[in-house]
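Inspection log for the structure reproduced underneath, given as structure tokens.
The values are calculated or read from the model by the stated rules, or taken from the named source; none is laboratory data. Since this is a predicted model, take the numbers as computed values, not measurements. No Cβ is skipped: glycine too gets one built from the backbone with ideal geometry, and neighbour counts run over all protein chains shown. Note: accessible area is taken over every heavy atom of the protein model, side chains too, but ligands, DNA and RNA are not part of it. Shrake-Rupley method; radii C 1.70, N 1.55, O 1.52, S 1.80 Å.
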Amino acid sequence: MIARLGDWIQTFSGRQFWPLDPRPEEIAIEDIAHALAHDCRFGGHCRRFYSVAEHSVLLARAVAPDLRLAALMHDSPEGYLRDLVRPVKRTMPSYRAAETAIWLAICARFGLPIDLPAEVHEADNRILVDERQQNMAPPPAPWNSEENVEPLGVRLQFWTPVEAEFQFMILFDSLIAGSAPSAGLPPRGATRFAGSHG
């Protein structure tokens, strides 16, 4: 076996995954959806549980149709690395390098643009306002990310992890079904949880 960089983790579906040596063929949407559905936004400092998976689905629903897959997947590296609060993430170049490497593997796996569209970045900043207003304690000081930012206008649903995972997968499947065959994805369904890299 070829030596891999770093150690591996066991994913939800039972696969080996090397976070420091990611490869497109080892990316599995089931693992991403499950992990994001169990990962709470804002380091868990919310009034109610609110997952990264729900955040991703709500964001994807709020952007133009041609941007939805990129929006749904924009936080997908966190499915393998977990979410870090922004002030910490900005000071950790090694984490950001690992996040970038996984993002590149995900882009290759699902035919996504390497550079996230500006409209998705903008929507991601705007949804922060909705999330703070609906699910956080009153802020002790203004959030830097909210300066001159209008809310996106979404209503949080506070899905359970099971519901968030289901909604993420349903949206992913519908977007992939409508995408060009060049994405290189095998048919879904029979391969799910069957040990393949589907």
Ellipsoid semi-axes in whole angstrom, largest first, where each is sqrt(5λ) of the Cα gyration tensor of region 1-94: 24, 17, 13
What number in nm² do you get for region 23-71 if you take the convex hull of its Cα atoms and divide its surface by four? 4.3 nm²
Over region 88-158, average the accessible area per residue using a 1.4 Å probe and give it in Å², no decimals. 58 Å²
For the peptides 61-71, 26-36, what is the packing order when you average, over each peptide's residues, the other Cβ atoms within 10 Å and list the highest mean first? 26-36, 61-71
At what distance in angstrom do the alpha carbon centres of region 1-51 and region 60-135 lie from each other? 14 Å
When a/c reaches 1.5 or more, the comparison of a/b and b/c decides; with that in mind, is region 62-150 rounded, prolate or oblate per its Cα gyration tensor? oblate
Quick calc, ARG90 & ASP66: beta-carbon distance into FRET formula, R0 22 Å, rounding 0.05, result 0.15
Keeping the other protein chains in place, figure out the carbon and sulfur percent of the accessible area of the chain, with a 1.4 Å probe. 56 percent
